[in-house]
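To keep things clear, I will list the structure first and then write my remarks on it.
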Ligand SMILES: Nc1ncnc2c1ncn2[C@@H]1O[C@H](COP(=O)(O)OP(=O)(O)OP(=O)(O)O)[C@@H](O)[C@H]1O
Ligand SMILES: [Mg+2]
């Protein structure tokens, strides 16, 4: 089992989009995927067709972090082939404070993932925040994906995330490589767009996915429809890109 954490403190960069559609792509390729929704907003939960208010706290990712439930007891089936969900709960909003009081609290998710699970790939969707919940997800990870929008302002969070991952690597998780950057919402029409992509590839050499997600209307619409891009419109440009991304991810994981 491989654990992939999707993080960026900046909001609205495509973390949830990546978690859900990458999981769906892996599921369709015959792998068993699990999405863990750590964001109290519960967007990944909703996207996978589960109504957040119908998930009791004791069957949510909050319960796992709070040590009140074992991960296998929280797994929900979704309408996406091969994709299971550990759903979010509103109580996640206070989990960071509850966990943050001692070092033990940083390893809860890693320990929970030590259970024998019928899963090949775990995708952890982080909230746009820092703190103990995101730390748990980074410590549990074999790989971190950082989506960024191809806009200059969006790059601000990257340096900080790289530094946090480096700290996690040196203190707790020797095998953790630097975050892999996924360029999202790329138009590529203007010279500025292309310059930003060049800049990212130079600055973070070897750390950027070849696959670049373009702006794609169906990808926006499929969230409202609560379906992955593969169920919503499998002929969409972004569906092909998520299939490529899944292959590239497996390559990176040496799987
Ligand atoms: N390449 C794209 N083309 C079109 N729409 C996109 C694309 N990427 C993301 N979006 C849309 O942008 C919005 C933000 O994306 P998403 O929710 O995945 O970001 P996020 O990083 O998870 O946000 P948050 O930090 O709030 O959790 C969503 O409505 C999503 O559908
Ligand atoms: Mg999100």
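The values are calculated or read from the model by the stated rules, or taken from the named source; none is laboratory data. As the structure is a computational prediction, the values presented were derived from the model and not from experiment. Neighbour counts are summed over all protein chains in view; Cβ atoms, including those assigned to glycine, are modelled from backbone coordinates with ideal geometry.
Selection over region 175-198 of residues that are within 21 Å of the chain's Cα centre (by Cα) and more than 16 Å from ligand 2 (Cβ to nearest atom) gives a count of 9. Against the definition (closer than 21 Å to residue 147 by Cα and over 13 Å from the mean Cα position of the chain (by Cα)), how does residue 25 come out, yes or no? Taking the combined requirement at face value, the residue satisfies it.
Do you know which residues across region 199-226 are surrounded by fewer than 14 Cβ atoms within 10 Å (Cβ to Cβ) and within 16 Å of ligand 2 (Cβ to nearest atom)? Matches in region 199-226: 220, 224. Say we look at region 43-74 and pick out the residues that are crowded, with 22+ Cβ neighbours inside 10 Å and over 27 Å from residue 102 (Cβ atoms); which of these is farthest from ligand 2 (Cβ to nearest atom)? The residue in question is 55.
Given the criteria more than 16 Å from ligand 2 (Cβ to nearest atom) and touching a helix residue (DSSP H, G or I) at 6+ places or on another chain (Cβ under 6 Å), does residue 99 qualify? Spelling it out, residue 99 is indeed more than 16 Å from ligand 2 (Cβ to nearest atom) and touching a helix residue (DSSP H, G or I) at 6+ places or on another chain (Cβ under 6 Å).
Restricting attention to region 104-121, the residues that are touching a helix residue (DSSP H, G or I) at 6+ places or on another chain (Cβ under 6 Å), within 15 Å of residue 72 (Cα to Cα) and either assigned to a helix (DSSP H, G or I) or within 16 Å of ligand 1 (Cβ to nearest atom) (or both) total 4.
Every residue, every condition in (1) more than 12 Å from ligand 1 (Cβ to nearest atom); (2) assigned to a helix (DSSP H, G or I); (3) modelled with pLDDT of 95 or more, yes or no:
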position	(1), (2), (3)
211	no, no, yes
219	no, yes, yes
223	no, yes, yes
231	yes, yes, yes
235	yes, no, yes
240	yes, yes, yes
244	yes, yes, yes
248	yes, yes, yes
251	yes, yes, yes
